[in-house]
Each structure stands twice: as C-alpha cells, then as structure tokens.
1. Where residues in the stretch 67-88 are within 18 Å of residue 35 (Cα to Cα) and aliphatic (A, V, I, L, M), which of them is surrounded by the most Cβ atoms within 10 Å (Cβ to Cβ)?
2. Taking the stretch 173-223, which residues are of a type in the set (D, E, K, R), closer than 30 Å to residue 14 by Cα and part of a loop (DSSP other than H, G, I, E, B)?
3. Output the residue which, of all residues in the stretch 176-190 that are open to solvent by less than 100 Å² (accessible area, probe 1.4 Å) and charged (D, E, K, R), is nearest to residue 65 (Cα to Cα).
4. Failed condition for residue 128, given (1) surrounded by 17 or more Cβ atoms within 10 Å (Cβ to Cβ); (2) in contact (Cβ under 8 Å) with a residue 40 or more places away in the chain; (3) part of a helix (DSSP H, G or I), with all others met?
5. Considering 39, 64, 30, which residue is closer than 26 Å to residue 206 by Cβ and open to solvent by less than 60 Å² (accessible area, probe 1.4 Å)?
6. Among the residues of the stretch 96-105, is there at least one that is over 30 Å from residue 28 (Cβ atoms), open to solvent by 20 Å² or more (accessible area, probe 1.4 Å) and touching a residue at least 60 places away in the same chain (Cβ under 8 Å)?
7. Only one of these is surrounded by fewer than 13 Cβ atoms within 10 Å (Cβ to Cβ) and closer than 30 Å to residue 33 by Cα: 110, 117. Name it.
Amino acid sequence: MGTPNISKKDVISAFEFRHATKEFDSTKKLSNDDINFILKTANLSPSSFGFEPWHFIVIQNQELRELLKPVAWGAPLKLDTASHFILGLSMKAPMTKWNSDYIMHMMKEVKKFPDEVIETYSKFYREFQESDFELDTDEKLFDWASKQTYIALANMMTSAALIGIDSCPIEGFHQKKTEIVLREKFDIDTKNYGLSFMVAFGYRKEESTHTKSRRNIKDILTWK
C-alpha cells in the first residue's frame, strides 16, 4: 500500500469548508459510492484495543425518520432534508466487559489471535478496565465505548468534507426516550447498545456566510 499524498492545504481547506449544516438541499442526494466511502472510513477508524464497540444505523425510510422527531429536538430539519441520516450506537457493558462473548469473538474470530495472545490480551484489557480507568459501572463502560464511537464520527465528517459533502453531528435528543423508540420501533437491542449521536449528511441548501470562530491556536497548546 502506497503512502498517502494528500496536500496539507487540501486537508485544511476541508476543515474550513466543514460546518454544522442546519438545513440540507433535499433535492441533492449522495451517490452510493460516496456514502459507502464515508461509511468505510468509520469501519477503518481506530478504537481502544481495536475492539470496535460500535454499530451504525443508516435511516433512509422517511416514516422511521418521522418517529425520531418527537424525541430528537436537534434533528427535525435534518431528518426532513438530509440525504443520509445515521445513528451512532455504542456497545453497553454486556458487550464490552473484558470477559464478554463479544470481546472473545473479536480476539478469536476477527483478530485471529493464538490462544497465548488471547490470554495476555485479556489480562491487559481486564487491568485496563478494573485498575487503569476504573470502568467499574455500566455507565462508565458505555461512556468509554462512546469515546471510541466519536472517533468514527469525526472520521466520517472529515472524509465527507474532503469530497465536498456536508454534515451535521447531533446530540440534541432525549437519550432515554430515544432508546425506547429505538427498541420498540427500530428493533434495536438496547440492552447491548445505546445511542451516542446522530449525524446527517448531504449538501447545504445555502452557502454558509458564517466565519469559523476558534481560539487562537497558541491558547490551546503547551509545548514542553
């Protein structure tokens, strides 16, 4: 595999282009190739221990989108106009606990570790959860999984911006009420998965006149 050769100028340009698009042009749709490219960057995203504690639901059915509106106050306009609307789910404790069936599946079937590596890896992972990060409650384990899922979110939005596609990350939803809807209407196993974010992709309806406001880079850096 060759070394990537994307110019730094093009990458910064993509970051400057990207903004949280509030309303999309509903007449413009992403091609299958483009949305699959964006989703592939989620698939290739890094995660702690490489355990990928996520799942993504692409909601294209408008009737299902309507069901989210009452519980997601930050989403209605995006649900109406976005080309593609995605739910970012993170695994809960039954999936991410060091001795869970899923973790063993990842080591055996996905990573194909030999038995001696599995034993060592399991020991490190258990110490990480119980001692290093003190992930000793279901809530802490879900928050940890959400951190990993947000890496995939950032990569999806950046990859979209690099090819001129707009996005909007959404946390404007009632978590408990949304999970009821996901369980009852979307057939999602909310014992094992929780909603971390929503994200919309499409093309902006109007050109943005907003200038990015950020702290001076000197204010966010310390060199030692």
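1. If we take residues in the stretch 67-88 being within 18 Å of residue 35 (Cα to Cα) and aliphatic (A, V, I, L, M), then 82 is surrounded by the most Cβ atoms within 10 Å (Cβ to Cβ).
2. 205, 206, 207, 212, 214, 215
3. 179
4. Among (1) surrounded by 17 or more Cβ atoms within 10 Å (Cβ to Cβ); (2) in contact (Cβ under 8 Å) with a residue 40 or more places away in the chain; (3) part of a helix (DSSP H, G or I), residue 128 violates only (1).
5. After applying the criteria, what remains is 30.
6. No, because not a single residue in the stretch 96-105 is over 30 Å from residue 28 (Cβ atoms), open to solvent by 20 Å² or more (accessible area, probe 1.4 Å) and touching a residue at least 60 places away in the same chain (Cβ under 8 Å).
7. That would be 110, the only listed residue that is surrounded by fewer than 13 Cβ atoms within 10 Å (Cβ to Cβ) and closer than 30 Å to residue 33 by Cα.
The values are calculated or read from the model by the stated rules, or taken from the named source; none is laboratory data. All figures in this text were calculated on a predicted structure; none of them were measured in a lab. Every residue, glycine among them, receives a Cβ derived from its backbone with ideal geometry; neighbour counts consider all protein chains shown. Surface areas here come from the heavy atoms of the whole protein model, side chains and all, with no ligands, DNA or RNA. Shrake-Rupley method; radii C 1.70, N 1.55, O 1.52, S 1.80 Å.
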